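Colleague: One structure follows; several queries about it will come next.
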Amino acid sequence: MTTAPESLYFRVSGDDPLDQTVGRNLPEGWKITKISTRRERQIFYDTFEEEAFRKGLAVVRRKAKLLVIELDSGQILTDAPFSGSPASFFAATLPEDKARKLLLKCSDLRAFINRCTIDHFISSWRLLDEDDKTVARLEYESIRPADKKSKAVFPRHYSITPLKGYHKELSQMLLALPEPVDAYRIVSFKERFMTIMEAAAPFGQGYSAKLHLQLDPKAPIHENIRRLLRFTTSIMEINEEGIRKDIDSEFLHDYRVSVRRSRSIIKLLNGAFEPEKTAWALAGLRELGKRTNELRDSDVYLLRRDEYTELLPPSLQTALNPFFSDIEAAKRLHHKQFSRYLTSREYLDFMTSWKAFIDADDLPDEALAPIAGQPTGQVAARAIRKALKKVLVHGRRTGQETSDPELHELRIDCKKLRYLLEFFSSLFPPKAASQVLKQMKALQDNLGTFVDMSVQMTFLQSRLDEIPTGRGGVEEAAAIGGLLTTLYSEREKVREHFHEIFSGFDNEETGKLFDELLNGLASA
Amino acid sequence: MKTIALYSIKGGVGKTAAAVNLSFLAASPSTPSLICDLDPQGASSFYFRIKASKKYNSEKFLKGNQKIIRNIKATDFDHLDLLPSDMSYRNLDIELSEAKNPKKRLAKNLEGLEEEYKYLFFDCPPNLTLLSESVFRASDLILVPIIPTTLSIRTFNQLLDFFRQSGLDTSKIVGFFSMEEKRKTMHREIVDEFREDPVMLSQTIPYSSDVEKMGNFRAPLNAIHPKTPAAQAYSNLWDEVRKRVKGH
């Protein structure tokens, strides 16, 4: 796509050649002549969650340059040299410039994926007046998918760009263009972009791993849990390809969150299914969690590479290279293993049975699944109250020394409460759920940071125990020692803050907020 | 922005041909250029096939700035625009004399072009008038085509004298030999005589039917036949001019 903002773009729906459609509407003595035809390959990039698009940007590779274009105006915000045509890339790998900055703002975690590749055939024409003076340039664009197998059909456009000082002459000509309007309609850059995206292969499709279920409070809980599980399962499936292709770490992350969410809800709302069936399902989900733990760990440490490096004095920064290359190697191994597992008979069988389990809509036997038929609102109020009580009891019981196990356990309690609130959020008055979640945020952040740091310290400690002496081992040990020291002091600060933050949560205001929320539910 | 005036008291010395070809050579993505046709005969406008819009006239030119910018037209060549002249320009002198501060008028009117153009060329009418003086003050370099004849050299000296008398900066004036015919002894001798003179550029423009034919194909010679000897000469001349104007 060309992007001169002063150009007028028209969408062509007929099959008539340009010299006829435009040619027959020219003023006396004017003519159009062809200058050249060229092909331009363009690759459109965006993240899986279309974060560039959501920020109103198009990311296009054209002529060995990466363009970032503002969709509304068609203005090229920046063009940076960009060699190759990778299937995906990270904003952080771009050279320090405006393009990098803009794309990092869209996403620093997700990769920009080749969304679609097109061949753009552009024939250029001149519009000449009676003196053979060029008054405008015309470009006729037809687009074909670069993939010959693709059946995508793209709309064709032509653009008219008046030369400076010739707008008046041209506007008369444009006014003379014939109806029907749909054959000659001025289209914006954004519109042209959208038609290409629509014609391209499906992608992301408004993907979001966030839960937005509209629940009926009177419907049996059994039905609503199955709705949740259908959603989490779809998220798992959507992310499988991205995991196998190792595009970015978010595919696995979203996949794991879905697994955890499914498992957690089944366990928290125990009694909605027959125990025999859930035991099997929970074991399967647990297995998926276990099988991805190490891969996720590798991802997390690789994402922390810059952060770790910056924590160290320059003299020790390169000493972490062996540490990271070992993690990279481990990641390759775990990725291979899990990718293989995703296509294995075992996994496919599990998913088939799992989906059959979710789809079974008969209410189970009341004796085996006592809450299955209960109204969702009632179950929700009970479950949330119980989970909240657990958080409060465990939090209050946490002693002055705030031990590691206490904080670990409390973190899990909070997460459970959070999953319940998210699941049932549509049952609450609008914004009430997000208000409660906000109330919980400081506490969750505190606990999350604490546990995160503890996990990192354990990991680094185990590395330290294994470092071979000699060949840079001393430097690496020093670097890891440095990291441990920093993490330790940071973590202890977090620990010191716990009681203060917990009392910020465990107060009258929170109690009232939850009461309002849950009383409303019970009376519904 | 550097301003270069193609000027000569005499007519028919290759002023417009030089203005058209040099401006074409000057225009590039990093140095967008404007040629400003000041001659009511409109020869450079003609070469670029551009007519002023019907409402444009000398009055608007003298109003300056926005009125000028609105009437600039793109040539068929990238990064080169033209401000066409109009027959009404024949009265520019009279109108200028009635204006306030006529000698500085032009420089003031062209403020605002600075943002858009790196080179501005004036194609001046052949005479020595108030308009010429206004051009002299507005220009960084006054480029004078001279046919290598005694009479032309005399006229050139008259110009230098005029500058001195009027307290103008003579260092702005640079001549170059135009329509040189090597077979003519007088041409050869005069070109030789000025070979070392810094007031004269070393590149000469040969007399050439290719240049005359520009009137037929109505485009810069360097755009249509860049390999011809005359086109090559313009190209070398531009290299010299560019270096000179940089010093100013």
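The values are calculated or read from the model by the stated rules, or taken from the named source; none is laboratory data. All of these numbers come straight from a predicted model, not from anything done at the bench. A quick note on method: Cβ atoms are made from the backbone with ideal geometry, for glycine too, and the neighbour counts reach across all protein chains shown.
Colleague: Looking at (1) in contact with a helix residue (DSSP H, G or I) (Cβ under 7 Å, 6 or more places away or on another chain); (2) within 14 Å of another protein chain (Cβ to nearest Cβ), which one does B:GLY42 not meet, given that it meets all the others?
Modeller: With respect to (1) in contact with a helix residue (DSSP H, G or I) (Cβ under 7 Å, 6 or more places away or on another chain); (2) within 14 Å of another protein chain (Cβ to nearest Cβ), B:GLY42 is out only on (1).
Colleague: Return yes or no: is B:PHE156 assigned to a helix (DSSP H, G or I) and closer than 20 Å to B:GLY14 by Cα?
Modeller: Answer is yes for this residue.
Colleague: Continuing with this model, one more query. What about B:ASP39, is it among the acidic types (Asp, Glu), under 16 Å from A:ASP131 (Cβ atoms) and not in a helix (DSSP H, G or I)?
Modeller: Spelling it out, it is not the case that B:ASP39 is among the acidic types (Asp, Glu), under 16 Å from A:ASP131 (Cβ atoms) and not in a helix (DSSP H, G or I).
Colleague: Just to check your reading of the model, which residue among B:ALA5, B:ALA52, B:ALA18 is at pLDDT 95 or above and either part of a loop (DSSP other than H, G, I, E, B) or in contact with a Phe, Trp or Tyr (Cβ under 6 Å, 6 or more places away or on another chain) (or both)?
Modeller: B:ALA5
Colleague: Evaluate region B:161-173: report whether one residue or more is part of a loop (DSSP other than H, G, I, E, B), charged (D, E, K, R) and over 25 Å from B:SER134 (Cα atoms).
Modeller: No: region B:161-173 contains no residue that is part of a loop (DSSP other than H, G, I, E, B), charged (D, E, K, R) and over 25 Å from B:SER134 (Cα atoms).
Colleague: Would you confirm whether any residue within region A:102-125 is crowded, with 21+ Cβ neighbours inside 10 Å and under 25 Å from B:HIS79 (Cα atoms)?
Modeller: yes
Colleague: Can you tell me which residue is nearest to the other protein chains (Cβ to nearest Cβ) among those in region A:135-174 that are in contact (Cβ under 8 Å) with a residue 40 or more places away in the chain and acidic (Asp, Glu)?
Modeller: The qualifying residue nearest to the other protein chains (Cβ to nearest Cβ) is A:GLU169.
Colleague: Check A:LEU368, A:LEU333 and return the single one that is modelled with pLDDT under 95 and among the aliphatic types (A, V, I, L, M). Talk me through it step by step, then tell me what you get.
Modeller: Values: A:LEU333 fails: modelled with pLDDT under 95.
Exactly one of A:LEU368, A:LEU333 is modelled with pLDDT under 95 and among the aliphatic types (A, V, I, L, M), namely A:LEU368.
Colleague: Going by the conditions given, is B:SER97 assigned to a helix (DSSP H, G or I) and farther than 26 Å from A:LYS133 by Cβ?
Modeller: yes
Colleague: Oh, and also: Report yes if B:LEU120 is buried (at least 21 other Cβ atoms within 10 Å of the Cβ) and more than 27 Å from B:THR228 (Cα to Cα), otherwise no.
Modeller: Criteria not met by B:LEU120.
Colleague: Still on this model: Find the residue count for region A:79-101, including only residues that are touching a residue at least 24 places away in the same chain (Cβ under 8 Å) and over 24 Å from the mean Cα position of the chain (by Cα).
Modeller: Number satisfying all stated conditions: 0.
Colleague: So which pairs qualify, if the first residue must be in region A:295-312 and without any contact (Cβ under 8 Å) to a residue 24 or more places away in the chain, the second must be part of a helix (DSSP H, G or I), the Cβ gap must be under 7 Å, and the two must be at least 6 apart or on different chains?
Modeller: Note: pairs meeting the criteria are A:ARG305/A:PHE324; A:THR309/A:GLN317; A:THR309/A:LEU320.
Colleague: Out of (1) within 14 Å of chain A (Cβ to nearest Cβ); (2) at pLDDT below 95, what's the single condition that is false for B:SER30?
Modeller: (1)
Colleague: Answer yes or no as to whether B:LYS10 is within 14 Å of chain A (Cβ to nearest Cβ) and surrounded by fewer than 22 Cβ atoms within 10 Å (Cβ to Cβ).
Modeller: So B:LYS10 fails the test.
Colleague: Does A:SER73 meet the test of being among the hydroxyl-bearing types (Ser, Thr, Tyr), under 30 Å from A:LEU170 (Cβ atoms), surrounded by fewer than 20 Cβ atoms within 10 Å (Cβ to Cβ) and more than 14 Å from chain B (Cβ to nearest Cβ)?
Modeller: Yes; evaluated as a whole, the condition is true for this residue.
Colleague: Could I ask something else about it? Based on this model, can you work out whether A:ASP132 counts as within 14 Å of chain B (Cβ to nearest Cβ) and modelled with pLDDT of 90 or more?
Modeller: Working: within 14 Å of chain B (Cβ to nearest Cβ): yes; modelled with pLDDT of 90 or more: yes.
When the stated conditions are applied, A:ASP132 passes them.
Colleague: Considering only region B:45-65, state which residues are within 14 Å of chain A (Cβ to nearest Cβ), over 15 Å from the mean Cα position of the chain (by Cα) and among the polar types (S, T, N, Q).
Modeller: B:SER53
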